[in-house]
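To start, the structure itself, in structure tokens.
A short reminder: the numbers here are calculations on the coordinates, not readings from a lab. What you see is a predicted model; the values in this text were computed from it and never measured. So basically every Cβ, Gly included, is an ideal-geometry build from the backbone, and we count neighbours across all protein chains shown.
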Amino acid sequence: MKKIYLDHNATTPLDPRVLEAMLPYYKDIFGNASSVHEFGRQARKAIDEARVKVARLLGAKDPDEIVFTSSGTESDNFAIKGAAHSLKSKGAHIITSSIEHHAVLNTCKFLEKVGFQVTYAPVDKYGVVDIEAIKKAVTEKTILITIMFANNEVGTIEPISEIAAFARQKGILFHTDAVQALGKVPIDAARLGADLISVSAHKLYGPKGTGALYIRKGVKLTPLLHGGHHEKNRRASTENVAGIVGFGKAAELAVANMKQETRDIEELRRTLEKGITTGIKCAFLNGHSTNRLCNTANISFEYLEGEGIILSLDMEGIAVSTGSACTSGSLEPSHVLTAMGIDPVKTQGSIRFSLGKDNTREDIDYVLKVLPPIIERLRKMSPLYHE
Amino acid sequence: MDGQYSEKVMDHFKNPRNVGDMPDADGVGHVGNPTCGDIMELYLKVRDGIIVDAKFKTFGCGAAIATSSMVTELVKGKTVHEALKISNRAVAEALGGLPPIKMHCSLLAEQALKSAIDDYFKRNPSLH
């Protein structure tokens with residue numbers, strides 16, 4: 001059976017060129033990058049080169065502003081807890097949004113338990129964070145504003161430049177979780193004026209288990225991991241050399257190909273979106289209509305619960321996901337759609353299609369062929385649906 | 001999620017038995033609410049105290065659809081008093097088990113059945 005992967009916001013396949021670049025570091029070049037001898041020096045050189053490539057993709061002025069971590073989640077934890085610890089004496093108030101990834105939300109909730117105050121700024125019905133609410137929430141105790149670059153469930157791109165400029169003007173540290181944006185939207189860290197940016201390799205055809213945190217020069221964070229002198233004393237742990245090399249290669253490929261790839265992906269997404277919303281009754285798009293990640297279409301199918309759709313598409317070889325209940329092992333409806341004020345009944349039937357560079361027009365045509373009968377079959381079972 | 005479902009659950013999800021309305025039902029059960037993501041409607045046809053037909057409509061996940069389908073199969077041919085004894089565990093077991101997080105779906109199926117039989121008794125007080 002044909003397999004069609006439309007869940008790239010969950011993770012992407014490893015690009016064969018990335019794997020190729022990584023393999024030597026699992027075989028002959030196995031040294032510890034901290035070692036003085038030739039084995040170690042080779043590993044160190046590879047990490048330094050990868051750092052330059054990731055810095056270039058992020059628009060960092062100095063490669064030393066990049067600290068490699070184990071994941072986007074670790075980067076978020078490092079940024080938020082690190083800022084909270086190092087600025088505790090100045091204040092204990094943090095501002096974030098209600099639609100952040102759980103790596104940010106649950107880190108903030110943890111900090112609330114240990115004495116910090118957190119304001120969760122609301123979003124509008126398109127998932128755009130309310131800047132005025134952020135401005136109003138600021139007090140002299142505010143030490144950090146953390147707002148995601150683009151939302152993983154609905155794809156809405158946030159007004160990050162504006163928020164970063166405001167934070168800078170107020171002298172407040174600004175962090176953005178750009179895990180979902182990297183490789184899909186140009187990011188220019190130096191121009192953006194963000195102090196901290198979390199990213200992850202596996203969202204842009206790199207390996208799992210490798211992330212990075214951009215830390216603007218001059219910003220001091222308390223480390224999450226204490227130990228050796230790795231990453232200039234900012235993150236102790238023997239470096240995951242192969243993973244870092246893979247991240248570097250993925251970043252290099254993104255710099256070279258992003259412009260064309262994102263254009264192609266966006267065209268496919270539009271075709272998919274249009275096909276679904278015109279071909280299926282009572283199906284509507286969640287998220288911002290234009291200011292959105294090129295690859296993400298979150299669509300609610302009224303009168304249905306999402307899992308049935310996912311299972312049925314899976315049987316046809318199509319992989320998608322839901323922002324709603326059930327599948328993620330949680331029975332709560334999506335916190336993102338809820339924050340956007342979407343009717344709770346409609347959030348139940350929301351499906352996230354997230355495209356990638358290897359999807360083709362044939363893939364999309366196939367989805368548009370098999371989806372309508374699936375929706376019809378499930379709706380016939382639904383007591384909420386009346387033709 | 002797929003991996004957590006037994007073959008029986010997937011079979012009843014793919015080919016649910018007894019889907020549909022029953023305009024002349026003798027007992028109708030309606031449980032759940034859409035905000036929680038589960039609604040089950042169960043219709044029973046009863047002759048001489050025996051359930052001769054059952055139909056359902058369900059808004060919910062794969063497990064909710066499969067448990068609805070299974071409960072309609074289990075009740076057919078049973079007396080209403082026998083059917084009252086069908087527990088959520090019996091429904092789950094008949095499906096080869098359910099993932100722990102989905103056990104509430106079987107509870108909903110049991111409640112839908114009880115609610116349909118209650119409705120039948122309300123309509124036929126002398127048979128209670």
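As I understand it, the dipole of segment A:16-254 uses +1 on the Cβ of Lys and Arg and -1 on the Cβ of Asp and Glu, about the Cα centre. Which of A:180, A:43, A:99 lies farthest toward its positive end? After comparing all options, I get A:43. Applying a threshold of 20 Å to the alpha-carbon distances of A:125/A:380; A:2/A:203; A:274/A:369 flags A:125/A:380; A:2/A:203 as lying beyond it.
In loop segments of segment A:162-223 as defined by DSSP, the trypsin sites (Lys or Arg not before Pro) with at most 12 further C-beta atoms inside 10 Å of their C-beta are A:217, A:220. Subtracting the Cα-Cα distance of residue B:14 and residue B:82 from their residue separation scaled by 0.36 nm leaves 21.7 nm. Of the trypsin sites (Lys or Arg not before Pro) found in segment A:9-81, those in coil by DSSP whose Cβ has at most 13 other Cβ atoms within 10 Å are A:27, A:61. Mean sequence separation of contacting Cα pairs (under 8 Å, at least six apart), scaled by the length of chain A, corresponds to a relative contact order of 23 percent.
The average projected area of segment A:16-254, computed from the convex hull of its Cα atoms over all directions, is 12.3 nm².
For the listed residue pairs A:81/A:220; B:55/B:114; A:61/A:90, the alpha carbons are over 19 angstrom apart in A:61/A:90. Given R0 = 51 Å, the distance between the Cβ atoms of residue B:89 and residue A:161 translates into a calculated FRET efficiency of 0.35.
Dividing the summed -39500 (n - 2.57) terms of all DSSP H runs of n ≥ 4 by the residue count of chain B sets its mean residue ellipticity at 222 nm at -13000 deg cm²/dmol. For chain A, the mean residue ellipticity at 222 nm estimated from helices alone is -13000 deg cm²/dmol, where every DSSP H run of n ≥ 4 contributes -39500 (n - 2.57) and the total is divided by all residues, rounded to the nearest 500. A Cβ-based charge dipole, computed about the Cα centre of chain A with Lys and Arg at +1 and Asp and Glu at -1, lands at about 900 debye.
Long hydrophobic helices in chain B, taken as whole DSSP H segments with a C-alpha length of 18 Å or more on their own axis and mean Kyte-Doolittle hydropathy at least -1.0: B:62-75, B:103-123. Directionally averaged projected area (the protein assembly as shown, Cα convex hull): 26.8 nm².
Length gained on full extension, residue A:361 to residue A:278, computed as 0.36 nm times the residue gap minus the Cα-Cα distance: 28.1 nm. For segment B:28-57 and segment A:52-114, what is the separation of their Cα centres, given in Å? Segment B:28-57 and segment A:52-114 have Cα centres spaced 51 Å from each other.
Among the chymotrypsin sites (Phe, Trp or Tyr not before Pro) within segment A:18-89, those in coil by DSSP and having at most 15 neighbouring Cβ atoms inside 10 Å are A:30. For chain B, the fraction of C-alpha pairs farther apart than 22 angstrom is 28 percent. List the relative contact order of chain B as a percent without decimals, with contacts defined as Cα pairs under 8 Å and 6+ residues apart. Rounded, it is 31 percent for chain B.
The angle between the Cα long axis of helix A:38-58 and the main principal axis of chain A comes to about 50°, on a 0 to 90 degree scale. Kindly express, to the nearest 10 degrees and within the range 0 to 90, the angle between helix A:361-381's C-alpha long axis and the longest C-alpha principal axis of chain A. With both axes taken from Cα atoms, the answer is about 60 degrees. Inter-label distance, residue A:289 to residue B:48: 6.4 nm, where each label sits 7 Å from its Cα along the C-beta direction. Only Lys, Arg, Asp and Glu carry charge here, each on its Cβ (+1 for the first two, -1 for the last two); on that basis segment A:1-92 has a dipole of about 140 debye about its Cα centre.
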